[in-house]
Amino acid sequence: MDDSRLALAKALRELADGSSEAVLRSALSRSYYSIYHAAKVLDRKIDHHNIDSELEKVEEGLGKRAGALKELRQGADYNPGFIDLEYGGNLELFKQRARDSVNEGLKVFDRIVREIEDRSGSGN
């Protein structure tokens, strides 16, 4: 019984810390898709193929930042050996890059939301 409880406690801790590989892969995906859906509100013509170039029109560097997260998300979502290929198997390096990228994704998302508010006249 205690082994099960400890296993549960460890899994919950990983979720809370965002420290497991699976949780971080999921966070990257969710971060990108928050940007994607906000960008679609900004311009319905935006899709996965042109999100970089269209966001670049909003602010220089914004599309590049979104594109970097998109690429990282694609690797994390579709390539089971992603950490071995991209990070030489260094899980800690991946974890740090993923956390940094999720934080950067929040900044990109916030900038898109500000642009939506500005265009709608509801920005402060």
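The values are calculated or read from the model by the stated rules, or taken from the named source; none is laboratory data. Bear in mind that the values here come from a model prediction, so they are computed numbers and not experimental data. Cβ coordinates were reconstructed from backbone atoms using ideal geometry, including for glycine residues, and neighbour counts include every protein chain displayed. These accessible areas exclude ligands, DNA and RNA; they are computed on the full protein's heavy atoms, side chains included. Shrake-Rupley method; radii C 1.70, N 1.55, O 1.52, S 1.80 Å.
Helix content alone sets the calculated 222 nm mean residue ellipticity of the chain: runs of n ≥ 4 DSSP H residues at -39500 (n - 2.57) each, divided across all residues, give -26500 deg cm²/dmol. Solvent-accessible surface of the range 27-98, averaged per residue with a 1.4 angstrom probe and all protein chains in place: 58 square angstrom. Compared with the dominant principal axis of the Cα atoms in the chain, helix 21-42 is inclined by about 10°. On a 0 to 90 degree scale, rounded to 10, what angle separates helix 91-120 from the longest Cα axis of the chain? The answer is roughly 30 degrees.
Label separation (GLU14 vs TYR87): 1.3 nm, computed from points 7 Å beyond Cα along the C-beta direction.
Per atom type, the range 1-53 shows carbon and sulfur on 56% of its accessible surface, probed at 1.4 Å.
Among the listed pairs LYS40/LYS70; LYS57/LYS95; LYS40/LYS107; LYS40/LYS64; LYS40/LYS95, those with a Cα-Cα distance over 19 Å are LYS57/LYS95; LYS40/LYS95. Built from the Cα atoms of the range 9-114, the convex hull projects on average onto 6.9 nm², one quarter of its surface area. Taking all protein chains together and rolling a 1.4 Å probe, GLU59 ends up with roughly 70 Å² accessible.
Taking the longest Cα principal axis of the chain as reference, the axis of helix 62-78 is set at about 30 degrees.
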